[in-house]
Amino acid sequence: MRSLRNKTEVQHRRSIDVGLVLLACVVLPPLTGWAMPDLLSSAHALTLTYGVSLGIAALSLNLLLGYAGQLSLGHAALLGAGAFAASVIVDRFGLPMYVGWAVGGLAGGVVALAIGIPALRLRGLYLALVTLVFGATMQASVLRWRFFTHGSSGASLPRRWWFGDHILINEPIYLSMCLVVLVGVWLVDVNIIRTRLGRAFLAIREDETTAQSFGIDVVRYKLLAFVLSGVMAGIAGALYGGGIGLVTSDEFGRELSLRIVLIVVIGGIGRRWGPVVISVLLAIAPTLPPPFRRYDLVIAAGITLYNVVKLPEGLAGLIAHRRAKPTGPPVDVEQLRELDLAAVAGAAAPLGGGTVLIVHEVSVEFGGLHAVEDVSLRVEPGQIVGIIGPNGAGKSTLFNAISGFVPSTGAVTLDGVPISWAKPHERAAAGLGRTFQNVGLARDQSVRQNILLAQHHFASYSDLAALAYSPSARDVEARLAGLADEVITGLGFEEYADTPVRQLSGGQQRLVELAAVLATGPKLLMLDEPTAGLSPAAAENLAERLRQLRDDRGQTILLIEHNVPLVLDLCDYVYVLSAGQLLAAGTTEELSAMPEILGAYLGGEVFA
Amino acid sequence: MAQALVVGLVIGGIYSLFALGIVLIYTGSGVLNFAQAELGTFTLFVAQILVVEHHLPYAVGAAASIALALAIGVTFERLAVWPLLNAPRVTVAVATLALLALAVALEITLFGPVGRNLPPPITGHSVNVIGVFVSPNQIASLVLVALVAGGLAAFFRYTDFGLSVVAAAQDQEALRFLGIPLARASMFTWGLAAVLSALAALLIQPDIGVISPGAYSGIFIRALSAALIGGLGSMRGAFLGGVIVGVGEAAIRHATVGSSLTGLPELCIFAAVVLTLVFRPQGVFGSR
Amino acid sequence: MSPPPTGEVVVEAREVVAGFGANTVLHGVNLSVERGACVGIFGLNGAGKSVTMKCLAGLVPVRTGTIELFGQDVTAEPPEARVPRGVAYLPQARQLFPRLTVEQNLRLGGYVMRRHDKARYASIVDDVYSRFPRLAERRTQLAGSMSGGEQAMLAIGRALASDPQILLIDEPSAGLAPAVMDDVLAMLLQLRAEGLTILLVEQNISFGFRLVERAAILQRGLVVYEGDVAHLDTARVAELLGVGRLLSKQLSASTARTTTATKPRRTPKKKVT
């Protein structure tokens, strides 16, 4: 109750803060410009306007690079698209400038969509490459076409207040309007980070496979990040063009793209204040006395190089590190004894009643080699089924085939629904929850963030609701936050709720992963070597907890284990894989009576 | 048309040198070196100053610029690439962006924004070869590009050290447990790429003319496109890609001369890059 | 039959602790291999077998403890400094250069020697080719395009090309068909008979026990059992390897017989469905 009240107070204070900032943005520049024209001359206001639009551009790239982990080297072309689109609207059709900003944002978004669709299908630096070539191409071609740009003389972009107005607003007022837009973009950015969108972006930045296993459609979210970034860049371009009043293609070349990258790297990748402050500093640098005026870019490039090699989080990261509290020593996994997995688990989706998982003649081929060959297996509701077999038998590959991470032939049916053609994130959404041998968590994020991330599928508000942080999104987020609190309490991890997963011990990470998956209430829980890295006592404990989960909640589990005694103890039914093929299957008693399993498991006749 | 194609071939050969440098570093360090062409521009300024302002022979200026490029390449490898050996590759890519920005910024502050001119090393009349006029510079350029490409191919194939550089691109750890110093291969890769950049900049300068800060960014884009079309993992692909881009650009420019839509060749190159990435991401000549 | 171990200690690991990040994998491994000996490390997945090998090769840094090679402390030495001492490491994944030819792979294996003695390298490579005629036939073929068995041979050949005094070999049987496994086993037995010191990591017990004369069993980063293969307590070994319970019935029938480790025997191909 108390914490609830605190929360509303915080929110209340936040809205007052935003109101004050907005008021300051609107009132201060015109007031200063009027009262002290020397302090804020129109030239200074113009410089600051440039800094503010650069700041929005930096936030735009930061959204893409800092959150989603994708690099764009042609951001200037997106700014240019926004600026020229705004010019067409405002100059040719006589519409007010804010309509121009909106159209500029739209143009940036559309262009980003068009480039992103081919480029984001590929992993790695391909977006950087395509945007780089695209930016250069635009500057050499479309941005020079007369239709948009009136040739080399440039297209005018008047600061028009109302339809057909010919009186233009002055620079300080324009600056205050730009500041308001900056606050707006900033708030949208905040909303992205505190909703499903930001969590999905950050998960993709860390590991696309993990993100998929949490049910995130990686291609869609990468595209969304790029389009949102494009919209912000388009708005930034329109604001910038309006400041100067004239848009020429030369402004939106490689230098500007590079400058935006430098700003984000210096200011701190994944942060807000740093990039905006650096943007304004770089904008006013040319008005300062030398050496800043002459060497501003040299200094910026030098700092960037230093930052990249020494401080990967940028200056803002440096400040945050100084502030960061040291975390407590990792607790031992023995706390498992107290753990009640059933309390951690989310509401389970009702099962259809039939077999939970049917795998029918699944094969996986890697370059002519059969890693898994014609394997069929079934998992009945409320059973714990184990898969054992020697190293390289294809156990993990079979898991990957079932969860959709490797292409396979054959059929997979989950609770009566065929999922053979579904993508990994769709299978996760259908109720297939899995863990990974090397722990599938976003390691730079906190325990709480990871548990929220696992709830991706339940954050069912629309993207627009997320951007606006509408009441519906707020309600869903509050409910998920409450659920995450419950899971953390159930785990006994209150102390580590906001600790990055990376700082936990291997055993603790494994527990968090299990809890995160369980919290989604999966129809089938797939565990890849759940006891790896645990001490024998802890492994026994975990097995006991899993058994409890089955008995108390009827949770269906399929697991891979190397710890054969544990599997035989725990599982209702066991499949033995060897060299990609199913060697045997049965209950513990049945398997114990098959001498050939020893041979397969340890290679030929062992102790004969 | 034939004239345009020959010019395209000469320029394409030089694109190939830039592209070779890009591919060399991509295979050796798994990174795109965004400063690949700008290094050449930077060192070209030094050659220009030595030759034009200090009246030294062209050969001295050229040698100095190549030596400087080597020094920059090796220094950058030691300071930024080697310490980031186990960092995500995007981090190293951003480091090369910083190097690019540093080079451009230094060019502007040290050499000024105004363009400079460097007279071509060989003067003389163009020769008429079966109806096509070829300048002595172009012939020299063609010969040099062929020599460099052939020499590199032989070096990577027949020397143990060259072989270890190629192997480093395939498995760095294996190199270490076979007792081969990885650091030397890495330094060599970056040094060689820088030298190729300086050499290519010297060769292409007579065709571009004025040297100004960032003047070769367009060339870098073409070289990068060549590497992407040919295949980032294939030196042969980079070489052929460079020739394809050079000849293709010259042909399209020749065909669309007078069009009001400027930049059609650039648009076509961009389209070719996107099509390659979508339908054959490993490049036209790449394998895998 | 191999010559008897001379008593000179070639590899000595003392209380080695090592791991990755937050995970400590080795908790104080002690191990010693004499010249001419053939020792195997066995254990379940995750017990730390491969990490032990990588520590010896220098690829994983040792946190505490020491590693000595030929009586010299090499704990802080990088892998490239250990090769000239006569160490050849053969990783589980083989790590051939897939886009280089057989000949080029071998050349890189002999890189260190070729720097000062090309003639010696030539004779060693001739020796490798005569051991593996199949490699001689495929000199110019790309390593990545060869079959699994050929790649296994090339990996051994590449390790031999440096003329090592000790072979650190990690799971040579992994991913091989039974017939090929026997070929590889015969090859390694031959090397052992010639007096090469071998340290082996294996999960395939039957393969391993036919090759080595001493076995160390690793469990959760500690050597928990060590002994001559000829006098192994099989029931204890089975239990330590985690299959004791499952196999107790079968073991009780077979413990009477002792294992003969040195005699290579054909494994009948089994297929159970």
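The values are calculated or read from the model by the stated rules, or taken from the named source; none is laboratory data. Not measured: the values here are computed from a predicted model. All Cβ positions, glycine included, derive from the backbone under ideal geometry; neighbour counts span all protein chains shown. These accessible areas exclude ligands, DNA and RNA; they are computed on the full protein's heavy atoms, side chains included. Shrake-Rupley method; radii C 1.70, N 1.55, O 1.52, S 1.80 Å.
Filtered by the rule that a residue be touching a strand residue (DSSP E or B) at 6+ places or on another chain (Cβ under 9 Å) and open to solvent by 10 Å² or more (accessible area, probe 1.4 Å), the stretch C:175-188 gives a lone residue, C:GLY175. From the list A:TYR306, A:TYR295, which one is of a type in the set (Phe, Trp, Tyr) and either more than 19 Å from B:LEU100 (Cα to Cα) or at pLDDT 80 or above (or both)? Testing whether each residue is of a type in the set (Phe, Trp, Tyr) and either more than 19 Å from B:LEU100 (Cα to Cα) or at pLDDT 80 or above (or both) leaves just A:TYR306.
Taken over the stretch B:26-36, the residue count meeting the criterion of being outside any loop (DSSP other than H, G, I, E, B) and away from chain A (no Cβ under 11 Å) is 4.
Residue count for the stretch C:72-90 under the criterion of being within 9 Å of chain B (Cβ to nearest Cβ), in a loop (DSSP other than H, G, I, E, B) and under 18 Å from the mean Cα position of the chain (by Cα): the result is 0.
Would you check which residues across the stretch B:25-58 are free of Cβ contacts under 8 Å to residues at least 40 places away in the same chain and among the hydrophobic types (A, V, I, L, M, F, W, C) and list them? Result: B:VAL46, B:LEU50, B:LEU56.
Screening the stretch A:357-409 for strands (runs of 3 or more DSSP E) wholly inside it with 2 or more residues that are open to solvent by 50 Å² or more (accessible area, probe 1.4 Å), on the phi < 0 side of the Ramachandran plot and not basic (Lys, Arg) returns the ranges A:357-366, A:369-379. Is it the case, given these coordinates, that A:PRO30 is part of a helix (DSSP H, G or I) and over 16 Å from A:VAL183 (Cα atoms)? Criteria met by A:PRO30. Annotation: of all residues in the stretch A:410-453 being part of a loop (DSSP other than H, G, I, E, B) and on the phi > 0 side of the Ramachandran plot, the one that is farthest from the chain's Cα centre (by Cα) is A:GLY416. All of A:VAL52, A:VAL18 fail the test of being of a type in the set (A, V, I, L, M), within 29 Å of A:LEU202 (Cα to Cα) and in contact with a Cys (Cβ under 7 Å, 6 or more places away or on another chain), apart from A:VAL52.
Just to be sure before I move on: is B:PHE45 open to solvent by less than 30 Å² (accessible area, probe 1.4 Å) and either within 25 Å of A:TYR295 (Cα to Cα) or not in a helix (DSSP H, G or I) (or both) in the structure I sent? When the stated conditions are applied, B:PHE45 passes them. Among the residues making up the stretch A:246-266, a single one is surrounded by 24 or more Cβ atoms within 10 Å (Cβ to Cβ), part of a helix (DSSP H, G or I) and more than 13 Å from chain B (Cβ to nearest Cβ): A:PHE252. Filtering B:GLY162, B:GLY218, B:GLY209 for residues that are under 30 Å from B:ALA103 (Cβ atoms), modelled with pLDDT of 90 or more and surrounded by fewer than 20 Cβ atoms within 10 Å (Cβ to Cβ) leaves a single hit, B:GLY162. Among the residues of the stretch A:224-242, is any assigned to a helix (DSSP H, G or I), within 14 Å of another protein chain (Cβ to nearest Cβ), in contact (Cβ under 8 Å) with a residue 60 or more places away in the chain and surrounded by fewer than 23 Cβ atoms within 10 Å (Cβ to Cβ)? No, that holds for no residue. Candidates are the residues of the stretch B:256-273 that are of a type outside the set (S, T, N, Q) and buried (at least 18 other Cβ atoms within 10 Å of the Cβ); the one that is farthest from B:GLY233 (Cα to Cα) is B:GLY263. Candidates in the stretch B:179-196 are the residues that are in contact with an Asp or Glu (Cβ under 8 Å, 6 or more places away or on another chain) and modelled with pLDDT of 90 or more; of these, the one that is farthest from the other protein chains (Cβ to nearest Cβ) is B:GLY191. A residue that is aliphatic (A, V, I, L, M) and over 18 Å from A:LYS523 (Cβ atoms) can be found somewhere in the stretch A:405-418. Residues in the stretch C:91-116 that are more than 29 Å from C:VAL51 (Cβ to Cβ), without any contact (Cβ under 8 Å) to a residue 12 or more places away in the chain and either open to solvent by 70 Å² or more (accessible area, probe 1.4 Å) or away from chain B (no Cβ under 13 Å) (or both): 2 in all. List pairs: first in the stretch B:267-283 and within 7 Å of another protein chain (Cβ to nearest Cβ), second surrounded by fewer than 21 Cβ atoms within 10 Å (Cβ to Cβ) and among the polar types (S, T, N, Q), Cβ under 7 Å, 6+ apart or cross-chain? Matching pairs, first to second residue: B:LEU267/A:SER141. In the set A:ASP475, A:ASP498, A:ASP485, A:ASP552, only one residue is over 23 Å from A:ALA430 (Cβ atoms), touching a strand residue (DSSP E or B) at 6+ places or on another chain (Cβ under 9 Å), open to solvent by 30 Å² or more (accessible area, probe 1.4 Å) and among the charged types (D, E, K, R); that residue is A:ASP498. Exactly one residue among C:LEU44, C:LEU69, C:LEU59 is closer than 25 Å to B:ALA183 by Cβ, within 14 Å of another protein chain (Cβ to nearest Cβ), of a type in the set (A, V, I, L, M, F, W, C) and open to solvent by 10 Å² or more (accessible area, probe 1.4 Å), and that residue is C:LEU59. Among the conditions (1) farther than 25 Å from B:LEU56 by Cβ; (2) surrounded by 15 or more Cβ atoms within 10 Å (Cβ to Cβ); (3) within 14 Å of another protein chain (Cβ to nearest Cβ), the only one that B:ASN86 does not satisfy is (2). Of the residues making up the stretch B:101-137, those that are within 13 Å of chain A (Cβ to nearest Cβ) and part of a loop (DSSP other than H, G, I, E, B) are B:GLY112, B:PRO113. The set of residues from the stretch C:138-169 being in a loop (DSSP other than H, G, I, E, B), within 24 Å of C:ALA119 (Cα to Cα) and either touching a residue at least 40 places away in the same chain (Cβ under 8 Å) or among the small types (Gly, Ala, Ser) (or both) comprises C:GLN141, C:ALA161, C:SER162, C:ASP163, C:PRO164, C:GLN165. Scanning the stretch C:170-185 for residues that are assigned to a loop (DSSP other than H, G, I, E, B) and within 11 Å of chain A (Cβ to nearest Cβ) yields C:GLU171, C:SER173, C:ALA174, C:GLY175, C:LEU176, C:ALA177. Within the stretch A:33-49, restricting attention to residues that are in a helix (DSSP H, G or I) and of a type in the set (Gly, Ala, Ser), the residue that is modelled with the lowest pLDDT is A:GLY33. The set of residues in the stretch A:419-434 that are open to solvent by 30 Å² or more (accessible area, probe 1.4 Å) and either at pLDDT 90 or above or under 17 Å from A:LEU524 (Cα atoms) (or both) comprises A:SER420, A:LYS423, A:GLU426, A:ALA429, A:ALA430. The residues of the stretch A:460-472 that are open to solvent by 60 Å² or more (accessible area, probe 1.4 Å) and under 21 Å from the mean Cα position of the chain (by Cα), listed by number, are A:SER460, A:SER462, A:LEU464, A:ALA468.
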